[in-house]
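The values are calculated or read from the model by the stated rules, or taken from the named source; none is laboratory data. All of these numbers come straight from a predicted model, not from anything done at the bench. Glycine also receives a Cβ, built like all others from the backbone with ideal geometry; neighbour counts cover every protein chain displayed. The accessibility values were calculated without ligands, DNA or RNA, using every heavy atom of the protein model including side chains. Shrake-Rupley method; radii C 1.70, N 1.55, O 1.52, S 1.80 Å.
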Amino acid sequence: MFKNLADLTIKLKPALLSICSGIMLVLIFPRFNLDWMAWFALIPLFFALHEQPLNRVVLYGFVSGFVFYFFGLNWVTNTMVNYGNIPAITSYLILALLTAYLSFFFSLFCYLTRKLSRGNSIYFFLLAPLIWTALEYLRSTPEKLGFSWLGLGYSQFQTLPVIQLAEYTGVYGISTLIVFVNSALFVLLKTWLTEKGDRQKFIGALRVSGVAVLVLFLWIGYGLRALGQYEQKRGPESLKIGLAQGNIEQQQKWNPIFRDQVMNIYGGLTLKAAESDPDLIVWPEAATPFFFNLNKEYSSSLRKLITSIDTPLLFGTPYSQTNILYNRAYLINAGGQNQGHYDKIHLVPFGEFVPFKELLFFVEKMVEMIGDFGRGNQATVFELDKAKFGVSICYEITFPDLTRQSVKNGAGFLVNITNDAWFGYSAASYQHMSMGALRAVENRVPIVRSANTGITGTIDANGSIRQTTDLFVRDLVITDISPRNRPLTYYSKYGDVHSYLSIILAVVVAVLARKTTSGIS
């Protein structure tokens with residue numbers, strides 16, 4: 001019996017190692033925030049792949065990815081059950097489908113890295129970070145179905161020295177560094193455990209580790225230097241901004257019975273914010289319980305409120321034009337006139353439109369209002385007396401290339417308005433807020449965020465998050481920011497060059513591996 005149990009343990013060992021990596025990856029993100037674990041979280045998976053046939057490599061990659069995404073994204077069931085009227089069992093089936101799709105990228109990563117490195121440790125070390133970056137970028141970028149949530153680089157949002165180089169590489173550069181360190185440690189451990197008698201290979205593994213240590217040392221050194229350059233400092237060009245968090249229940253937002261109550265809540269927060277003489281007041285996504293500019297009575301009342309406090313107001317509202325519904329943000333100036341608007345460009349699948357609608361007819365009820373939302377087509381830049389700013393609505397803050405467009409067009413700071421009530425008390429709101437830290441560093445601009453139920457707060461240009469509210473409380477944040485007064489960052493100007501280079505270099509290294517090695521050991 002003991003022998004059978006030992007045999008079973010040996011057979012299950014790669015699967016257990018894959019599960020171990022999946023669990024550790026869950027723990028590096030909010031709300032666990034064990035971000036230090038990221039630097040070795042992939043090592044068990046790498047050992048699971050060692051000397052396995054390619055069909056099992058694919059399987060173990062899928063297992064690791066499935067554990068990671070199923071538990072890391074389990075908050076989506078809350079949204080489906082409570083707001084999509086989908087039975088709990090069905091919601092977990094849909095989560096499993098989403099998880100399976102995302103796990104495909106894990107399988108592909110494991111397959112390509114193992115196949116192209118051809119059993120050579122040095123090529124494995126070089127290819128793993130490049131292939132991971134390429135696949136993470138490809139997963140995150142498609143205009144309609146891109147899903148950048150839980151990108152590996154976001155795990156380091158609290159480790160500020162590590163994320164500073166994102167102004168050149170974007171968040172994908174942070175992912176590259178993490179996998180680079182993981183693969184170097186794996187090569188060292190594997191060589192020590194299995195080939196320590198081979199002096200030449202062990203010296204090679206030590207050199208690989210030395211390169212990784214040197215890169216990490218230089219990376220963090222740059223980060224420490226950059227941190228001081230982008231600290232928040234109060235100056236003559238600083239802005240004071242009021243951020244309202246109304247904490248309106250989803251069931252009340254579009255019930256006409258509560259319309260006056262909702263407006264009184266936001267009106268009260270606005271009057272309180274005005275006491276601080278801010279340069280701008282911000283309400284969250286879809287804050288108005290009516291269609292602004294279409295409902296004349298309430299629109300007029302809101303303009304009167306704005307003129308009474310003599311302060312510009314940015315707010316979210318639904319808008320309908322030629323029977324197309326838009327998720328819109330308006331800026332109304334201190335005189336009560338329209339200063340401009342922004343229509344959400346990147347819509348939420350299953351929340352604001354149903355992809356493959358004919359096939360997935362059974363989830364149509366997850367769209368909150370009748371019909372799909374229309375897409376905006378311009379990264380609007382709004383203008384105040386002291387600075388220009390861009391707006392992202394909800395989920396859009398998770399897309400690096402989209403966010404940089406308004407900065408490239410002249411924005412000196414960014415505003416994110418959102419309604420995270422869908423997420424309940426889950427980790428999603430914390431994960432959502434954390435991704436803003438990378439957008440701030442990539443573009444070296446401060447970001448202010450107004451959320452209906454939280455988290456409302458401020459992110460400085462060095463990625464530091466401050467003045468955050470709790471979830472599901474009514475609150476007001478008065479914050480000071482210093483808009484960008486420096487040239488555009490490399491990332492703001494040129495975008496994801498690092499990701500393109502990773503794709504090209506992965507091909508080059510794969511070709512070199514093919515020419516200099518033979519077979520898969």
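Scan (1) buried (at least 17 other Cβ atoms within 10 Å of the Cβ); (2) within 30 Å of residue 122 (Cβ to Cβ); (3) modelled with pLDDT under 95; (4) not acidic (Asp, Glu) for the single condition residue 47 breaks and write down its number.
Going through the list (1) buried (at least 17 other Cβ atoms within 10 Å of the Cβ); (2) within 30 Å of residue 122 (Cβ to Cβ); (3) modelled with pLDDT under 95; (4) not acidic (Asp, Glu), residue 47 breaks only (3).
For the stretch 476-504, which residues satisfy the criterion of being more than 29 Å from residue 243 (Cα to Cα), in contact (Cβ under 8 Å) with a residue 12 or more places away in the chain and of a type in the set (Ser, Thr, Tyr)?
Within the stretch 476-504, 490, 499, 502 qualify.
Find all pairs meeting these conditions: Cβ atoms under 6 angstrom apart; at least six residues apart or on different chains; first residue within the stretch 263-288 and farther than 15 Å from residue 452 by Cβ; second residue of a type in the set (Lys, Arg).
278/240; 279/240
Identify all residues within the stretch 141-173 that are closer than 23 Å to residue 98 by Cα, not charged (D, E, K, R) and not in a helix (DSSP H, G or I); write none if there are none.
141, 142, 145, 146, 147, 148, 149, 150, 151
Just one of 205, 184 is of a type in the set (Gly, Ala, Ser), surrounded by 18 or more Cβ atoms within 10 Å (Cβ to Cβ) and under 22 Å from residue 503 (Cβ atoms); which is it?
Residue meeting the stated conditions: 184.
Identify the residue in the stretch 385-402 that is farther than 28 Å from residue 79 by Cβ and open to solvent by 20 Å² or more (accessible area, probe 1.4 Å) and, among all such residues, is nearest to the chain's Cα centre (by Cα). Reasoning before the result, please.
Of the stretch 385-402, the ones farther than 28 Å from residue 79 by Cβ are 385-389.
Going one step further and asking which of them are open to solvent by 20 Å² or more (accessible area, probe 1.4 Å), we end up with 385-386, 388.
On the way: 385: 31, 386: 29, 388: 24 Å.
Within the stretch 385-402, the match that is nearest to the chain's Cα centre (by Cα) is 388.
Tell me which residues, restricted to the stretch 271-298, are under 34 Å from the mean Cα position of the chain (by Cα), over 20 Å from residue 421 (Cβ atoms) and of a type in the set (S, T, N, Q).
Across the stretch 271-298, the qualifying residues are 276, 293.
Run residue 452 past the list (1) under 18 Å from the mean Cα position of the chain (by Cα); (2) at pLDDT 95 or above and report the number of the one that doesn't hold.
Result: residue 452 fails condition (1) only.
Could you grab the pairs with beta carbons closer than 7 Å, sequence gap of 6+ or different chains, first residue in the stretch 387-410 and within 18 Å of residue 481 (Cα to Cα), second one part of a helix (DSSP H, G or I)?
390/406; 390/407; 392/403; 407/443; 407/492
Could you please give the count of residues in the stretch 415-428 that are out of contact with any Cys (no Cβ under 9 Å at 6 or more places or on another chain) and closer than 16 Å to residue 467 by Cβ?
Final tally of qualifying residues: 1.
Can we say residue 436 is touching a strand residue (DSSP E or B) at 6+ places or on another chain (Cβ under 7 Å), more than 18 Å from residue 150 (Cβ to Cβ), open to solvent by less than 10 Å² (accessible area, probe 1.4 Å) and not in a strand (DSSP E or B)?
no
Collect the residues in the stretch 230-244 that are surrounded by fewer than 20 Cβ atoms within 10 Å (Cβ to Cβ), touching a residue at least 12 places away in the same chain (Cβ under 8 Å) and more than 30 Å from residue 289 (Cβ to Cβ), keeping them in residue-number order.
Result: 231, 232, 233, 234, 235, 237, 238.
Can you name every residue in the stretch 30-44 that is of a type outside the set (A, V, I, L, M) and either under 26 Å from residue 188 (Cα atoms) or out of contact with any Phe, Trp or Tyr (no Cβ under 7 Å at 6 or more places or on another chain) (or both)?
Passing the criteria: 32, 33, 35, 36, 39, 40, 44.
Any residue at all in the stretch 359-378 that's at pLDDT below 90, β-branched (Val, Ile, Thr) and over 24 Å from residue 431 (Cα atoms)?
yes
Counting only residues that are modelled with pLDDT of 95 or more and part of a helix (DSSP H, G or I), which one in the stretch 403-427 is farthest from the chain's Cα centre (by Cα)?
408
Out of curiosity, is residue 426 over 22 Å from residue 232 (Cβ atoms) and among the small types (Gly, Ala, Ser)? Working first, answer last.
Values: over 22 Å from residue 232 (Cβ atoms): yes; among the small types (Gly, Ala, Ser): yes.
So residue 426 fits the description; yes.
Conditions (1) aliphatic (A, V, I, L, M); (2) surrounded by 21 or more Cβ atoms within 10 Å (Cβ to Cβ), marked per residue:
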residue: 450; (1), (2): no, yes
residue: 454; (1), (2): no, yes
residue: 463; (1), (2): no, yes
residue: 468; (1), (2): no, no
residue: 471; (1), (2): yes, no
residue: 478; (1), (2): yes, no
residue: 487; (1), (2): no, no
residue: 509; (1), (2): yes, no
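Just to be sure I understand the filter: pairs with C-beta atoms under 7 Å, separated by 6 or more residues or on different chains, first member in the stretch 428-449 and farther than 20 Å from residue 161 by Cβ, second member among the hydroxyl-bearing types (Ser, Thr, Tyr) and at pLDDT below 95. Which pairs pass?
Note: no pairs meet the criteria.
Are there helices (runs of 4 or more DSSP H) fully within the stretch 245-339 with at least 2 residues that are within 26 Å of residue 389 (Cα to Cα) and open to solvent by 50 Å² or more (accessible area, probe 1.4 Å)? List them.
259-274, 296-309
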